[in-house]
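Some notes on the structure that comes next.
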Amino acid sequence: MTDILNALVLFMNFVGVPALAYGSQLALGALGVTLIFGVLRFAFFAHGDLMAFGTMVTILATWGLQAMGVSLGVLPTALLALPFGAAAAVLAALSADKAVFAFYRKQRAKPVVFFIASVGVMFVLNGLVRIIIGPDDQRFADGGRFLFKVGEFRDWSGLSEGLAIRTTQALTVVAALIVMVALFRFLERTKMGKAMRAYSDNEDLALLSGVDPARVVRWTWVIAAVLATLAGVLYGLDKSFKPFTYFQLLLPIFAAAILGGIGSPKGAVVGAYIVAFSEVMVTYAYRKFAMYLGPQDWAPEGLLQLLSTEYKFSVSFLILVAVLVTRPTGLFKGKVF
Amino acid sequence: MSGQDTGGPLLSGRGMIGGYGGADILHGVNIEAHAGEIVVIVGPNGAGKSTAMKALFGMMPLREGRVTLRGADITALSPQDRVKAGMGFVPQTGNVFASMSVEENLEMGGFLREDDVSETMEMVFSLFPILKEKRRQPAGELSGGQRQQVAVGRALMTRPEALMLDEPTAGVSPIVMDELFDKILDIAATGPAILMVEQNARQALNIADRGYVLAQGENRYEGTGADLMADPEVRRSFLGG
Amino acid sequence: MSAGTRIAAAPASLWRGPLLYAGMAALLIGVGVLQGWNVALSILCFGLISAIMALGVNIAWGYAGIFNVGVMGFAALGGLAAVLVAQPPVAEAWAAGGAGLGLSLLAVAVTVAIIVLVRARMARGAARGWVTAALIGAGYAAARAAFDPAVDAIEAVNPASQGYLGGLAAPIVLAWPAGGLLAALAAWGIGKTALGLRSDYLAIATLGISEIVIAVLKNEDWLSRGVKNVTGLPRPVPYEIDLQASADFVARAAALGLDPGEASGIAVKGLYALMFAVVLGVLIWLAERALNSPWGRMMRAIRDNETAAAAMGKNITRRHLETFVLGSALVGIAGAMMVTFDGQFTPASYNPLRFTFLIWVMVIVGGSGSNWGSVLGGFLIWFAWVEAEPLGLWLAGGVVALLPEGSAAADHVQAGAPHMRMIFMGVILLTAMRFAPRGLIPERTGR
């Protein structure tokens, strides 16, 4: 019995908790992508770099606050700096829209044109981030490191395996939950939220009903940029900030959005957790886990790892291809046109 | 929204000429509708029926001619502004927000209104009781006839003085069609002018106060519904004998 | 910019293309005079390689509207071909792990065969799905059981310089077609599953594939030495050192007034440039012929109106697959050429901005659907990419001059300057899309 509990705790510690945190970060990113897709009808390829941009400004503001001696105690200072980063990301997104995408909207260009234009935006944002903060790893988490540590859990439970929850992980899940609830309330309850959904559902009819497309587009960028910054900051607090890693997050984020049904916010959240759990579970080494569940004094040969962690992208990719081949509309019937 | 009633038509399009970019589709079409009246536009395929309606609603730019509402020139207004001015339009396809609930569809219909829409919504629900029952269901999950009711209900939410319907009975069964026509009579009884394009010409002319027969982008015949039904020429050429 | 939204512009002047190419040549000559001929020839060589990649992307995009964002993966596969073709085989590694690898391959083949057989006999349904999944699991475990020890054994063989299977010790020039073949095979597999998706989905799928290819090359040391890199690849041209040791060569260089070091570099790069130019010439000739053949006309008909072409009985998916495979093969060839030129294979250096999106900038700026345009784009954008660095440094120098010498801010600006090229590229792409959506040398539409 203790063995089973130990195995469970082990699994929670190395798969459950990290995947939950990672899934929350992906969900925030995927929500942005799916909203942009729903309203503007193209895959926004610069989303990873928008995340990096917002996070970078947040980091700079964090350093500034730290230099002034401001601190949030156990919570990371970055939370206080977040509004600066979000504002910068919103500004960047709105400028990109005004300078680039508005023109093609007026022309009623095909989605692929928007898509290529977003590659241009990606280059610019990427360059800005690399110039301002550099291409290297940055760590900016401060405050309390752990909600509780492995040792504390072991003493409390009497098990030989321990469970640790880092402050950043708890923060990620709580913050993501609050933001998601707020977003869904906004979309379901407010006039603007309904207008966004209506516009995404049926653009012509929304226009007939008097929805102002310029406002819908503006709101979409604002929300997506804020979500992107939050996702990026939480990811950076949880792991670390590196511009290139953020670009690479595009793949799991899009996999999540497409799995859930692109254009569907609910789908983006569900898809994000599925992608995150698959990724962590497939790349976790189950050796010790199996030892607890197997017979006494037995140890499996090898690590029992399905794929090495370097191949985690292939998980997103396989999910993506499986969805596209079997059910292109995704779990929640997204748009395919 | 009631303006000065001068006794003239509520909605009128005169000498409408235009098309989409290339060749003209309308070659001088005249259509008008009075308050409380049901006006039906019939004609063979390609006659320009739907185009005439879109021109009245500002969805197709006119090269010549003018459109007036309550005597005021609205030729230059965008469709959205025409909604504000008191017109409602139900497109033939894509006329509901499929992913949104029936109630939200109606709310979107009243999007432009600043005042309380609950009274109008109750009115729509009393007109279409089935919608009240299914108010929480996504419109995309309803049957074809019910979707048409949602579409009409959505357009009614601005309390339009002129309601335009583009082939409201396309693709529904004959029973549902009769039901829809009954509802349209009910709506007309509450005051607005109703202008509709219909493929089911006989049934539509049956409930119409007046009808227009268009052919090749021009007015061919016009008269009361009964007159047109009785006209042997119209019967032979446009109503299939 | 793409099919459909094309604006009926006035026919481009007949002189436009040659003039632009002449301008490009003048730019390279300018570099030769100002920065040295070694630099100019190096840019020319990479420009030729980039031009082939751009041509490959343009064949898929311009002829068929296929949005391939996996260029990096195909280029890297071409690079792998250079290793597999030219490096000497490591007999010890084969002895240590060859059998195990063969066994794991056999396990995969047997598993696939069993699954095919079982699925043919079982009725559709949940049971079949579970059995298939179980078989895949068992097959994977069996393959891994043979694979893991074999890989460990191979990687233990002289790890500092070998630790992999090596190649065929064949002339490296053969790696060019081999790289094309390898990329074509991969493209065929991807195309079979992913073509037919809407364009941005396909883009994300190809992006994913290319990331996986790079991950494999980085981590499967037994195949490519991973991040330990394969250096000292054999060359199809003489080494500079040998030239400098040749009295004859030194004398000739002296007659031209060059020092032997510089002259040897110029000679080697010049030879490379010649070889690359021949390859590019052949490929562009073939591409132009194909474009103007019945096949090319059909491709464009399909691109411009898929529905009509399908109604005429054209097999669109098959044609799309053909162009995707062809285009990817070109990228593979160029990838192998690049590794040959570099003399080393470094999987960690593959970066999607440089190897995928930069190529896209070349195609869009040069002219979607226009082979000559894409090739020009390849030269011009590569030139801009290389020269953006000194330009960025120069700009940074201006800023630094205003800052206190040696201050942290000055260092920071100096360090960030090379990244200016990203912003340049983004601005170039966006400007071209906006103001010259059909590119520098637009596609001839024949209308």
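Before moving on, here are some points about what is shown:
- Some residue of region B:76-86 being under 25 Å from B:Gly140 (Cα atoms), in contact with a Pro (Cβ under 8 Å, 6 or more places away or on another chain) and at pLDDT below 90: yes
- Top-ranked residue of region A:97-120 - restricted to ones that are aliphatic (A, V, I, L, M) and at the interface with chain C (Cβ under 7 Å from one of its Cβ atoms), ranked as farthest from the chain's Cα centre (by Cα): A:Ala109
- Test result for A:Lys312, part of a helix (DSSP H, G or I), open to solvent by 50 Å² or more (accessible area, probe 1.4 Å), touching a helix residue (DSSP H, G or I) at 6+ places or on another chain (Cβ under 8 Å) and away from chain C (no Cβ under 14 Å): no
- For region C:261-280, a residue qualifies if it is open to solvent by 50 Å² or more (accessible area, probe 1.4 Å) and not aliphatic (A, V, I, L, M), and exactly one does: C:Glu262.
- Qualifying residue in region C:132-140 (condition: closer than 30 Å to C:Phe345 by Cα and either in a loop (DSSP other than H, G, I, E, B) or open to solvent by less than 40 Å² (accessible area, probe 1.4 Å) (or both)): no
- Single condition B:Val40 does not satisfy, out of (1) at pLDDT 90 or above; (2) assigned to a loop (DSSP other than H, G, I, E, B); (3) away from chain A (no Cβ under 14 Å): (2)
- Test: residue in region C:217-234 that is within 11 Å of chain A (Cβ to nearest Cβ), closer than 30 Å to A:Ile116 by Cβ and either at pLDDT 85 or above or surrounded by fewer than 20 Cβ atoms within 10 Å (Cβ to Cβ) (or both): yes
- Residues in region A:214-237 that are over 16 Å from A:Ala81 (Cβ atoms) and either open to solvent by 40 Å² or more (accessible area, probe 1.4 Å) or in contact with a Lys or Arg (Cβ under 9 Å, 6 or more places away or on another chain) (or both): A:Ala214, A:Arg215, A:Val217, A:Arg218, A:Trp219, A:Val222.
- Just one of the numbered conditions (1) assigned by TED's automatic domain parsing to the domain that holds B:Ala52; (2) open to solvent by 70 Å² or more (accessible area, probe 1.4 Å); (3) not in a strand (DSSP E or B) is not true of B:Ala204: (2).
- Number of residues in region A:174-213 that are buried (at least 21 other Cβ atoms within 10 Å of the Cβ), of a type in the set (Gly, Ala, Ser), outside any loop (DSSP other than H, G, I, E, B) and more than 19 Å from the chain's Cα centre (by Cα) equals 4.
- Total residues in region A:249-299, condition open to solvent by less than 20 Å² (accessible area, probe 1.4 Å) and of a type in the set (Lys, Arg): 0
- Beta carbons closer than 9 Å, at least 6 apart along the sequence or on distinct chains, pair a first residue in region B:107-119 that is β-branched (Val, Ile, Thr) with a second that is open to solvent by 30 Å² or more (accessible area, probe 1.4 Å) for B:Val117/B:Glu107.
- Test for B:Gly65: is it within 13 Å of chain A (Cβ to nearest Cβ), touching a Lys or Arg at 6+ places or on another chain (Cβ under 9 Å) and either closer than 24 Å to B:Gly13 by Cα or at pLDDT below 90 (or both): no
- Hits in region C:281-294 (condition: part of a helix (DSSP H, G or I) and open to solvent by less than 60 Å² (accessible area, probe 1.4 Å)): C:Gly281, C:Leu283, C:Ile284, C:Ala287, C:Glu288, C:Ala290, C:Leu291
- Unmet requirement for C:Phe355, which otherwise passes all of (1) within 12 Å of chain A (Cβ to nearest Cβ); (2) under 17 Å from the mean Cα position of the chain (by Cα): (1)
- Some residue of region B:94-104 being away from chain A (no Cβ under 12 Å) and open to solvent by less than 60 Å² (accessible area, probe 1.4 Å): yes
- Enumeration of residues in region B:19-30 that are on the phi > 0 side of the Ramachandran plot and part of a strand (DSSP E or B): B:Gly28
- All of (1) in a helix (DSSP H, G or I); (2) within 11 Å of chain A (Cβ to nearest Cβ); (3) crowded, with 19+ Cβ neighbours inside 10 Å hold for C:Val400 with one exception: (2).
- First in region A:7-20 and under 15 Å from A:Gly151 (Cα atoms), second anywhere and part of a helix (DSSP H, G or I), Cβ under 7 Å, 6 or more apart: A:Leu10/A:Lys288; A:Leu10/A:Phe289; A:Leu10/A:Tyr292
- Unmet criterion (only one of (1) touching a residue at least 24 places away in the same chain (Cβ under 8 Å); (2) crowded, with 16+ Cβ neighbours inside 10 Å) for C:Trp188: (2)
- Qualifying residue in region C:306-315 (condition: within 20 Å of C:Gly78 (Cα to Cα), in the same structural domain as C:Asn38 (by TED's automatic domain parsing) and crowded, with 19+ Cβ neighbours inside 10 Å): no
- Against the list (1) open to solvent by less than 40 Å² (accessible area, probe 1.4 Å); (2) touching a residue at least 40 places away in the same chain (Cβ under 8 Å); (3) more than 9 Å from every other protein chain (Cβ to nearest Cβ); (4) in contact with a strand residue (DSSP E or B) (Cβ under 8 Å, 6 or more places away or on another chain), the condition B:Thr158 fails is (3).
- From the list A:Ile262, A:Ile258, the lone residue that is part of a helix (DSSP H, G or I) and within 16 Å of the chain's Cα centre (by Cα) is A:Ile258.
- One residue alone among A:Gln296, A:Gln305 is in contact with a Phe, Trp or Tyr (Cβ under 8 Å, 6 or more places away or on another chain) and either more than 13 Å from chain C (Cβ to nearest Cβ) or over 30 Å from A:Asn202 (Cβ atoms) (or both), and that residue is A:Gln305.
Condition check ((1) within 14 Å of chain A (Cβ to nearest Cβ); (2) outside any helix (DSSP H, G or I); (3) in contact with a Lys or Arg (Cβ under 9 Å, 6 or more places away or on another chain); (4) surrounded by 19 or more Cβ atoms within 10 Å (Cβ to Cβ)) across all residues:
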| residue | (1), (2), (3), (4) |
| --- | --- |
| C:Met362 | yes, no, no, yes |
| C:Gly369 | yes, yes, yes, yes |
| C:Trp372 | no, no, no, yes |
| C:Phe379 | no, no, no, yes |
| C:Phe383 | no, no, no, yes |
| C:Glu405 | no, yes, no, no |
| C:Ala409 | yes, no, no, no |
| C:Phe424 | yes, no, no, yes |
| C:Thr431 | yes, no, no, no |
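- Count of region A:214-238 residues which are among the β-branched types (Val, Ile, Thr) and more than 16 Å from the chain's Cα centre (by Cα): 4
The values are calculated or read from the model by the stated rules, or taken from the named source; none is laboratory data. A quick note: this is a predicted structure, and the numbers were derived from the prediction, not measured. Note that we place each Cβ from the backbone using ideal geometry, even for glycine, and neighbour counts take in every protein chain shown. When the accessible area is computed, the model is the full protein with side chains, heavy atoms only, and any ligands, DNA or RNA have been set aside. Shrake-Rupley method; radii C 1.70, N 1.55, O 1.52, S 1.80 Å.
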